[in-house]
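Here's the structure we're looking at; comments come further down.
The values are calculated or read from the model by the stated rules, or taken from the named source; none is laboratory data. Given the structure is predicted, the values throughout are model-derived calculations rather than measurements. Cβ coordinates were reconstructed from backbone atoms using ideal geometry, including for glycine residues, and neighbour counts include every protein chain displayed. What goes into the accessible areas is simple: the full protein's heavy atoms, side chains included, and nothing from ligands, DNA or RNA. Shrake-Rupley method; radii C 1.70, N 1.55, O 1.52, S 1.80 Å.
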Amino acid sequence: MAITLSGSDTIPAPPLSARLTTQQVWGILLLVPYLLVFLAFVVYPVGYGLWLARSPANYVALYNDPIFARAAVNTLIFLVIGINVKMLIALFLSGFFAQQRPWIKWLSVIFILPWAVPSIPTILSVRFMLNPEWGMVNHFIFSLTGDDGPNWLNDPTVALTMAIAVHIWKSLPFWTLILLTGRLAIPQDLYEASEVDGASPWQKFRFITWPSMQMLYVTCTLLSMIWTLGDFNSVYLLTGGGPADLTHVLSTLGIRYLRLDQLSLAMASIVCAIPLVLPLIYFMMKRLSR
């Protein structure tokens, strides 16, 4: 590139390296590894998965597969029940752990353990506890009643309920900590003024706590929905999609197709979750940009 002056004289433009400051050069150099990793581990896998799922015949096959329909219904049940119950309990527990008592700190350490410990040992331990023959739960029932306990994971409704309960138990500490942070950010002067006015605990929550935490609660709910859609561990490690593939959700259904050597159907089943994820991401980003 050259700069043209009057007449035929031209002055060559300085090279790109001369027009960049040292900080800009270092910024580009440090950004290049991230871009390479992003292209290799995000753009390429997603693009390849979309390419594998491009054929309309894959979605026709999914539509005709009753297991896919059951997995879609299970996913909606998992989202509606699991997220709402989890966030409501987290909202309540955030108020409990906000108390200024010495033993609360020790209890919070125990409470956070399910989230801090990796999923494989924690969820498999629950699965062993629910074993109908030598599990701790049925052993306890037998010691009290003399009767054998039920086969907890042999009934689809009970098995899916247990998977939802494990998901809530595993992720509840994280969301409780997030909402606890929001509670602690509320000025104590507001609560002191409300006590002077004779406000009840419910009135404090309704007129002080909830308006101050409403945006945080909704944002956490949207983010939790996105993460729950991709929750593979709670269902697969506990039930394996059984019995008879009746507890699969969309995040675990792809493994079933992979085991059947149907890679294109596995990718198509995952792509079917995109219409649920994209609106959630849009609303969450819209809220965060306010």
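Show the residue pairs that are 6+ apart or on different chains and have beta-carbon atoms under 6 Å apart, the first residue being within segment 114-136 and under 16 Å from residue 154 (Cα atoms), the second being of a type in the set (Val, Ile, Thr) and open to solvent by less than 30 Å² (accessible area, probe 1.4 Å). Going by the 6 Å Cβ cut-off, the qualifying pairs are 126/166. On inspection, residue 235 fails the criterion of being surrounded by fewer than 16 Cβ atoms within 10 Å (Cβ to Cβ), within 14 Å of the chain's Cα centre (by Cα) and among the aliphatic types (A, V, I, L, M).
Among the residues making up segment 70-117, those that are within 14 Å of the chain's Cα centre (by Cα), open to solvent by less than 60 Å² (accessible area, probe 1.4 Å) and within 25 Å of residue 269 (Cα to Cα) are 75, 78, 79, 82, 83.
Open to solvent by less than 90 Å² (accessible area, probe 1.4 Å), among the aromatic types (Phe, Trp, Tyr), more than 24 Å from residue 246 (Cα to Cα) and at pLDDT below 95 - does that describe any residue in segment 16-36? Within segment 16-36, none of the residues are open to solvent by less than 90 Å² (accessible area, probe 1.4 Å), among the aromatic types (Phe, Trp, Tyr), more than 24 Å from residue 246 (Cα to Cα) and at pLDDT below 95. Quick check, is residue 156 touching a helix residue (DSSP H, G or I) at 6+ places or on another chain (Cβ under 7 Å), at pLDDT 90 or above and under 30 Å from residue 119 (Cβ atoms)? No, not satisfied. So residue 267 ticks every box in (1) more than 25 Å from the chain's Cα centre (by Cα); (2) open to solvent by 20 Å² or more (accessible area, probe 1.4 Å) but one. Which box is left unticked? Every listed condition holds for residue 267 apart from (1).
Whenever a residue of segment 265-276 is farther than 15 Å from residue 76 by Cα, its partners that are open to solvent by less than 40 Å² (accessible area, probe 1.4 Å) and not in a helix (DSSP H, G or I), lying with C-beta atoms within less than 7 angstrom and at least six residues away or across chains, give the pairs 267/53; 268/53; 271/53.
Within segment 270-290, take every residue that is open to solvent by less than 60 Å² (accessible area, probe 1.4 Å) and β-branched (Val, Ile, Thr) and give me the one that is modelled with the lowest pLDDT. Going through the qualifying residues, I end up with 277.
Across segment 118-135, a minimum of one residue is classified as at pLDDT below 85, buried (at least 17 other Cβ atoms within 10 Å of the Cβ) and under 23 Å from residue 246 (Cα atoms). Contact map, segment 43-69: residues that are surrounded by 11 or more Cβ atoms within 10 Å (Cβ to Cβ) paired with residues that are basic (Lys, Arg) and in a helix (DSSP H, G or I), Cβ distance under 9 Å, separation 6+ or inter-chain. Pairs shown: 67/256. The set of residues in segment 200-254 being acidic (Asp, Glu) and either in contact with a strand residue (DSSP E or B) (Cβ under 6 Å, 6 or more places away or on another chain) or over 23 Å from residue 115 (Cβ atoms) (or both) consists of 245 alone.
Looking only at helices (runs of 4 or more DSSP H) that fall completely inside segment 175-256, which ones have 1 or more residues that are out of contact with any helix residue (DSSP H, G or I) (no Cβ under 7 Å at 6 or more places or on another chain), free of Cβ contacts under 8 Å to residues at least 12 places away in the same chain and of a type outside the set (Val, Ile, Thr)?
In segment 175-256, the matching helices (runs of 4 or more DSSP H) lie at 188-196, 201-204, 210-229.
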